[in-house]
Amino acid sequence: MSTQYDAIAADYQQTRASRLREELETPCFLSLIGDPRGLRVLDLGCGDGYYSRLLAQRGAARVVGVDVSGEMLAMAAAAEQRDPLGIEYLCSDVAALPDLGEFDLIAGTYLLHYAPNEDRLRNMCARIAAHLSPGGRFVALNENPDVPQEVGGGYARYGFSKTLEGEARSGTKITYRMIAGRRVFSFNVHYYSGATYETALRDAGFQVIQWHPLTRASVARSEDEYFAAYLATPPIILLECSR
């Protein structure tokens, strides 16, 4: 997995304050996770610790955050130092994740689509499954396989663009360009079909795999049509898996 976020960590953190993330992404993701009280939680691709902290604040018994970017983890560690919640952080590639024990819930926000090829994707899924307790769940925010790139400039009002750099086949690069204040920054992920994701997950031992769309129904403050263009061709989708 790339450490491209080391160069854009501060810019990326600013996007947390966008309406898209505050009013759509976060409520939908937390709604699918449900009540984390008493759960052992592994937050993969934790970045600056945003979801790690939310889950700890909501009563998770143990939270471990993992990310490959040292700069993003430095932000997470700084937040933990300012307001200690008992969160543990580790810098690691998920495909080579060391044994951290069993967890009841594994969160993966913007994680699987960073695999540069199918072998790495399978390795990531295998390491995720190896850390999941019986009856546990893996819940992720993921690239939407059905929307590999932006259609008609529909994401401009949300401050980003999404471009597929070639044909929609396994490993094809997708480039995101985002605006943070007056700065424009970019990062790359990779395209995989829904079937490819599901095969990798099933080979890792997951028996139940469900895709869930983000919806305005769970967003209390979104009564206008602000999100209409985004939801007409949603770039991301929720993924829920269990063994």
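The values are calculated or read from the model by the stated rules, or taken from the named source; none is laboratory data. Predicted model only: the values in this text are computed from it and were never measured. All Cβ positions, glycine included, derive from the backbone under ideal geometry; neighbour counts span all protein chains shown. Just the protein is used for accessible areas: all its heavy atoms, side chains included, with ligands, DNA and RNA removed. Shrake-Rupley method; radii C 1.70, N 1.55, O 1.52, S 1.80 Å.
Can you tell me what the convex hull of the Cα atoms of the stretch 3-98 projects to on average, as an area in nm²?
On the way: hull surface 24.9 nm².
Computed as one quarter of the Cα hull surface, the answer is 6.2 nm².
Excluding ligands, DNA and RNA, what is the solvent-accessible area per residue of the stretch 1-153 at a probe of 1.4 Å, expressed in Å²?
Numbers: 5920 Å² over 153 residues.
In whole numbers, the stretch 1-153 has 39 Å² accessible per residue.
Using the average count of surrounding beta-carbon atoms within 10 Å as a protection proxy, the listed peptides 183-189, 52-58, 80-86 rank, highest first, as 52-58, 183-189, 80-86. Here's the picture: a label point sits 7 Å out from the Cα of GLN14 along the beta-carbon direction, and within the stretch 157-171 the residues with their amide nitrogen under 16 Å of it are 158-161. Each part gets one Cα centre, and for the stretch 147-161 versus the stretch 54-85 those centres are 31 Å apart.
Both radii are taken from the alpha-carbon atoms of the stretch 1-48; with Rh as the Kirkwood radius, Rg/Rh is 1.04.
For ALA60, the residues whose modelled amide H falls within less than 5 Å of its own, excluding neighbours fewer than 5 places apart on the same chain, are GLY38.
Could you give the size of the charge dipole of the chain about its Cα centre, using +1 on the Cβ of each K and R and -1 on the Cβ of each D and E, expressed in debye and rounded to the nearest 20?
Working: 24 positive and 30 negative charges, 48 e Å.
Using Cβ point charges on Lys, Arg, Asp and Glu, the chain gives about 240 debye.
Computed over the Cα atoms of the stretch 94-141, the ratio of the radius of gyration to the Kirkwood radius (Rg/Rh) comes to 0.95. For the chain, a/c is less than 1.5, where a ≥ b ≥ c are the root eigenvalues of the C-alpha gyration tensor. That puts it in the rounded class. Taking amide hydrogens as placed 1.01 Å from N in the peptide plane, the amide H of THR172 sits under 5 Å from those of TYR191, each at least 5 positions away in sequence or on another chain.
Counting only Cα atoms, the size of the stretch 120-204 along its three principal axes is 46, 29, 19 Å, in decreasing order. Applying 1/(1 + (r/R0)^6) with R0 = 30 Å to the Cβ-Cβ distance of GLU102 and SER186 gives a FRET efficiency near 0.20.
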